[in-house]
Amino acid sequence: NNKPTALIMIFGATGDLAKRKLFPSIYRLFQKEKINKFAVVGVARRSLTNEEFQSSVKDSILTFGHAEEKVDEFISHFQYHSHDVSSSESYLQLKGIAEELDGQYQLEGNRIFYLAMAPEFFGTIAEQIKAQGLTESKGYKRLVIEKPFGHSFETAQKLNEQIRTAFAEDEIYRIDHYLGKEMVQNIEVIRFSNALFEPLWNNRYISNIQVTSSETLGVEERGRYYETSGALRDMVQNHLLQMVALLAMEPPIALTTEEIRSEKVRALRSLRPMKVDEVDKYFIRGQYGEGTVDEKTLPGYRNEHNVNPDSNTETYVAGKLLIDNFRWAGVPFYIRTGKRMDVKSTNIVVQFKDIPMNLYYKTEETLNPNLLVINIQPDEGITLYLNVKKSGTTSNTKPMKLTVSNKGIEHINSPEAYEKLLFDSMRGDATNFTHWDEVALSWKFVDTISNAWEHTKEESFPNYAAGSTGPLASDELLADDGHIWWQIK
Ligand code: BG6
């Protein structure tokens, strides 16, 4: 039996993430028989009986997980512990539960501590876990930790020091759920397994690369958190910079966690740093105002729940990154992300340079550049934009799309990011988690931007309507370089 075994302690088990993502993901691993020896302790403040907790797990997998079979057997693996984060006694009780379940399910002392709750407690919990001996079992112990990992380089470093008192770097699994997405994992495969792309993957043949993550949802019920974060910390520091690192890194010498990470770190180290007074040249921010979608009026950000009516928080960011190394000198990487946009779409567009001479220039059609589009969501796949002959004419061209869609190949939707990441954490594969060095570098880069923005009120806010394509300034950022955002729908 090579299946991983684990006792998973979920701190924040009554929260949204646990319900929407974690329980359904564990269920799918169980249903697919990827795990059978496991137990879960739900840890949260609320007082609940085991039965109440199990029934909330059942609700969650029925609502979000398309559960069919063995549901009762599945939830029997779950127990609940009503927890007081600052009481040592409470950790000792948890330790008792852990030891009991360990015996009952033969978990070999393997433990995952999953922190999926308010980040202000991350440090205390890690320290208490260690102090009360919860990490003293004979198997592995791993800390899986959700974002936000700090609020700036300084606070991230402080948090890191706290968790490092209890866990070694290789026992810490910092979640960036984008790294669990099928097509984000595919970036490396597309690059490093195709003779067609890797030789062209540099400043001789690539004009620019565009990374977009747009959402149609607004800030929903997360106003309180979002006011302290904004799109920059919420999306750019983690998800967008991680995608940039995967696109820009050198080929690793082997597909090991260490080799891949060290190449990603080198890519992040090559990001051209900005001075605070240069930020406006490279980054622009937006905030949504009221807008109409399908004849329905959507409120502006400043009117959302728990948001300051005078808020200076950005809900949109677009930026231009330069990577100062031999491969990328002179190739801009444009990134953008926003809430309440016209479409939900995450994609990467690699725009190739124009060919040296356009023989078809005099025809009515102008040549389109070749684009490689990596569709991350909602559709998964790749599209290559080519030019071909327009039939019936002698030398007219027309654009053509070669599309590969994951749905078409696999006939099923690919596994959820969380399902893969949870399984990786049980198997001890940290490749798709972020190392401290990556976190540190991306915070340092982002801190310059937040320093510039926090000290100047953006008078143009709100500067895009809910349901639109974002602020005008975002187009101007590319127009200055003679480029446009490719709209992939
Ligand atoms: C999260 C952010 O990390 O990513 C959210 O906190 C955002 O604000 C979400 O909505 C987007 O994730 P996805 O998988 O829907 O692109």
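The values are calculated or read from the model by the stated rules, or taken from the named source; none is laboratory data. Everything quoted here is computed from the prediction, not taken from an experiment. A quick note on method: Cβ atoms are made from the backbone with ideal geometry, for glycine too, and the neighbour counts reach across all protein chains shown. SASA here: full protein model, heavy atoms, side chains in, ligands and nucleic acids out. Shrake-Rupley method; radii C 1.70, N 1.55, O 1.52, S 1.80 Å.
Round to a whole angstrom and tell me the spacing of the C-alpha centers of region 1-65 and region 271-305. First find each Cα centre; the distance between them is then 36 Å. State the answer as a single residue: which of Thr256, Val211, Gly230 lies farthest towards the positive end of the charge dipole of region 209-259, with beta carbon charges of +1 for Lys and Arg and -1 for Asp and Glu, about the Cα centre. My answer, from the dipole projection, is Gly230. Separation of region 121-145 from region 169-204 is 31 Å, based on Cα centroids. In this structure, the pairs whose alpha-carbon distance is over 32 Å, taken from Lys141/Lys320; Lys339/Lys407; Lys264/Lys390; Lys344/Lys457, are Lys141/Lys320; Lys264/Lys390. Of the beta bridges in the chain, as assigned by DSSP with both residues counted there, near 55 percent are antiparallel. Couplings for region 221-229, taken from phi via the Karplus curve 6.51 cos²θ - 1.76 cosθ + 1.60 with θ = phi - 60°, read 8, 9, x, 4, 5, 5, 4, 8, 10 Hz in order; Gly and Pro are left as x. Averaging over all projection directions, the Cα-based convex hull of region 144-231 occupies 9.2 nm² in the image plane. Cα centroid separation, region 380-456 to region 316-343: 13 Å. Based on Cα atoms of region 337-489, Rg over Rh with Rh as the Kirkwood radius reads 1.05.
Starting from region 367-461, pick out the trypsin sites (Lys or Arg not before Pro) whose DSSP state is loop and whose Cβ has at most 10 other Cβ atoms within 10 Å.
Sparse-neighbourhood loop trypsin sites (Lys or Arg not before Pro): Lys457.
Between the amide H of Gly218 and those of Arg340, distances stay under 5 Å, these residues lying 5 or more places away or on another chain, with hydrogens modeled in the peptide plane.
Rounded to the nearest 0.05, what FRET efficiency do Phe352 and Leu92 give with R0 = 41 Å and r taken as the Cβ-Cβ distance? Could you check? Walk me through the intermediate numbers first.
Numbers: r = 61 Å, r/R0 = 1.49.
It comes out at approximately 0.10.
Were the residues from Asp277 through Arg20 laid out at 0.36 nm apart, the gain over their Cα-Cα distance would be 88.4 nm.
Taking the Cα centre of the chain as origin and assigning +1 to Lys and Arg Cβ atoms and -1 to Asp and Glu Cβ atoms, the resulting dipole is close to 1060 debye. Kirkwood hydrodynamic radius of region 242-380, from the reciprocal of the average inverse Cα-Cα distance over all distinct pairs: 18.8 Å. Kirkwood radius, region 1-122, all distinct C-alpha pairs, inverse of mean reciprocal distance: 14.5 Å. Selection among His239, Asn160, Gly291 by position relative to the dipole of the chain gives His239 as farthest towards the positive end (Cβ unit charges, Cα centre).
Along region 120-130 the Karplus relation, 6.51 cos²θ - 1.76 cosθ + 1.60 evaluated at θ = phi - 60°, assigns HN-Hα couplings of 5, 9, 3, x, 4, 4, 4, 5, 5, 4, 6 Hz to successive residues, with x for each Gly and Pro. Under a model in which nothing but the beta-carbon of Lys, Arg (+1) and Asp, Glu (-1) is charged, region 308-359 shows a dipole of about 160 debye around its Cα centre.
The HN-Hα couplings worked out from phi for region 467-473 by the Karplus form 6.51 cos²θ - 1.76 cosθ + 1.60 (θ = phi - 60°) are x, 9, 8, x, x, 4, 4 Hz, whole numbers, x standing for Gly and Pro.
Sorted by average packing, counted as other Cβ atoms within 10 angstrom per residue and highest first, what order do 252-260, 221-229 take? Show your work: numbers first, answer last.
Values: 252-260: 13.7, 221-229: 15.8.
Put in order of decreasing packing, that is 221-229, 252-260.
Order 86-93, 269-276 from most to least packed using the mean count of other Cβ atoms within 10 Å. Let's see the in-between values first.
On the way: 86-93: 14.1, 269-276: 15.6.
The most tightly packed comes first, giving 269-276, 86-93.
Helix-only arithmetic for the chain: the sum of -39500 (n - 2.57) across DSSP H runs with n ≥ 4, divided by the residue total, places the mean residue ellipticity at 222 nm at -9500 deg cm²/dmol.
Give me the percent of the accessible area of the chain that comes from carbon and sulfur atoms, probe 1.4 Å, all protein chains in place. Walk me through the numbers before you get to the answer.
Details: 11120 of 22260 Å².
With neighbouring chains kept in place, the figure for the chain is 50 percent.
Relative intensity of region 66-179 on a log10 scale, I(q)/I(0) at q = 0.16, 0.22 Å⁻¹, equals -0.83, -1.31, per a Debye sum over C-alpha point scatterers of equal strength in the absence of solvent.
Using a 1.4 angstrom probe on the protein heavy atoms only, could you order Phe445, Phe121, Phe53 from most to least accessible area?
Working: Phe445 20, Phe121 75, Phe53 0 Å².
Solvent-accessible surface, decreasing: Phe121, Phe445, Phe53.
Close amide-amide hydrogen proximity is noted between Leu321 and Phe333, Tyr334, Ile335, each under 5 Å apart and 5 or more residues distant or on a separate chain (H modeled in the peptide plane; Pro and chain starts excluded).
Rg to Rh for the chain: what is it, with Cα atoms only and Rh by Kirkwood?
Dividing the radius of gyration by the Kirkwood radius yields 0.99.
Residues whose amide H falls under 5 Å from that of Val293, counting only those 5 or more places apart or on a different chain, are Leu298, with hydrogens built in the peptide plane. Average accessible surface for the chain: 46 Å² per residue, computed with a 1.4 Å probe over protein heavy atoms with every protein chain in place. For region 1-97, relative contact order (Cα pairs under 8 Å, six or more residues apart, normalised by length) works out to 32 percent. Charge dipole (Cα centre; +1 on Lys/Arg Cβ, -1 on Asp/Glu Cβ; no other charges) of region 349-489 amounts to roughly 860 debye. Based on Cα contacts under 8 Å between residues 6+ apart, region 160-308 shows a relative contact order of 22 percent.
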